[in-house]
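One structure is given below, encoded as structure tokens.
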Amino acid sequence: EAELIHMFKGIPFTTRSSPELLKSLDTFDAREDDVLLVSYPKSGTHWLAGVITKLYDTEVTITSPIEFGDISKLEELNNLSTKRIIPTHLDYNMLPPNFKKKKCKMIYISRNPKDTAVSMYHYYRDNPNLPTVDTWTAFFDLFLKGNVVCGSWFDHFLSWEEHEDDKNILFLFYEDMKKDLPKVVKKIALFLSLNASDKDIQDICSKSSFSEMKNDTEKENSDPSHTVCALTSNRKLIFRKGAVGDWKNHFTPKQNRRFEEIFNEKMKLSKMAKCFIYEV
Ligand code: A3P
């Protein structure tokens, strides 16, 4: 199973992201109206993607992630005639420089890393594209070391937070979407310069509930080439529990202390990350 993962620039990727594709990202051509949907895995990417597609009344395409597939994928993206909404799990440093130069709009969604770790643990267990992990304890160590696909949660978050003041990047939190989805949807609409009436927003929110999205997914046939997450094309693996605070059902008190120790050390200069530990 070692061949499920390969390293690129020090970060573990699945073999679903070919090294040739990853290498050519540096020269990828961005369009000014591209929108990037950025996340560390398990932060609510599919939820956000669902909301965003419902906000547009013009033709847009959520492409598969920029880092997913082989090199032919870049040509495919180049040939797309509609506006592109491009998901990615890349950290800021690996993002194709043209997106930065053209100041494309980017939305970064993050989630309490304790819940992210738990969600990722279940994903590792259920997703045949990822290596086997035997126990939560074993996964917990891998996560803290950044020895998981897409690398360290801490590094990923910090690489993006460094650009907190960039006007073209909107930062969102999974927990805020759980607390007040209409408020977050309004924020997204404003950021993307889209009109949405209160009725539209209400509609979008009810269609984007966990149960609605899970139901929709169970009804549809999955198309392996169309995926929002580079780690699976099977949407049925995504809608597990959709809750805030599930970490409390997994972390031992000792694991929690260790997690917070490492969190406090790694995130000591982070302003944005404080909300995760001190609010939940
Ligand atoms: P859990 O594993 O904790 O249930 P991603 O899309 O980035 O892979 O994130 C997946 C996580 O988002 C899963 O978390 C999933 O249940 C949750 N999720 C997906 N859709 C959701 C929704 N509509 N409402 C709340 N959580 C949702």
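The values are calculated or read from the model by the stated rules, or taken from the named source; none is laboratory data. Just so you know, these numbers come straight off a predicted model, no measurement behind them. Neighbour counts are summed over all protein chains in view; Cβ atoms, including those assigned to glycine, are modelled from backbone coordinates with ideal geometry. Just so you know, the surface numbers come from the protein's heavy atoms only, side chains and all, with ligands and any DNA or RNA stripped out. Shrake-Rupley method; radii C 1.70, N 1.55, O 1.52, S 1.80 Å.
Only one of Phe13, Phe99 is assigned to a strand (DSSP E or B) and of a type in the set (Phe, Trp, Tyr); which?
Phe13
So is Asn249 more than 20 Å from Thr45 (Cα to Cα) and open to solvent by 90 Å² or more (accessible area, probe 1.4 Å) or not?
Working: more than 20 Å from Thr45 (Cα to Cα): yes; open to solvent by 90 Å² or more (accessible area, probe 1.4 Å): yes.
Here the answer is yes, as Asn249 does meet what is asked.
For the stretch 32-88, give me each residue that is out of contact with any strand residue (DSSP E or B) (no Cβ under 9 Å at 6 or more places or on another chain) and under 19 Å from Ile204 (Cα atoms).
Matches in the stretch 32-88: Gly50, Val51, Lys54, Leu55, Asp57.
Any residue in the stretch 45-52 that is open to solvent by 10 Å² or more (accessible area, probe 1.4 Å) and assigned to a loop (DSSP other than H, G, I, E, B)?
no
Quick test of your reading of the structure: Ala49 fulfils all but one of (1) within 16 Å of the ligand (Cβ to nearest atom); (2) in contact with a helix residue (DSSP H, G or I) (Cβ under 6 Å, 6 or more places away or on another chain). Name the failing condition by number.
Result: Ala49 passes all but (2).
For the stretch 65-121, give me each residue that is basic (Lys, Arg), modelled with pLDDT of 95 or more, crowded, with 19+ Cβ neighbours inside 10 Å and more than 16 Å from the chain's Cα centre (by Cα).
The answer is Arg84, and nothing else.
Please identify the pairs in which a residue from the stretch 214-243 that is touching a residue at least 40 places away in the same chain (Cβ under 8 Å) has its Cβ atom under 6 Å from the Cβ atom of a residue that is within 13 Å of the ligand (Cβ to nearest atom) and small (Gly, Ala, Ser), counting only partners at least 6 apart or on another chain.
The qualifying pairs are Thr227/Ser233; Val228/Ala49.
Give the residues of the stretch 16-44 that are closer than 30 Å to Gly242 by Cβ and either open to solvent by 10 Å² or more (accessible area, probe 1.4 Å) or of a type in the set (Phe, Trp, Tyr) (or both), sorted by residue number.
The answer is Arg16, Tyr40, Lys42, Gly44.
Look through Leu21, Leu37 and report the one residue that is out of contact with any Cys (no Cβ under 8 Å at 6 or more places or on another chain) and either assigned to a loop (DSSP other than H, G, I, E, B) or under 20 Å from Leu170 (Cβ atoms) (or both).
Details: Leu21 fails: either assigned to a loop (DSSP other than H, G, I, E, B) or under 20 Å from Leu170 (Cβ atoms) (or both).
Within the list Leu21, Leu37, the selection yields Leu37.
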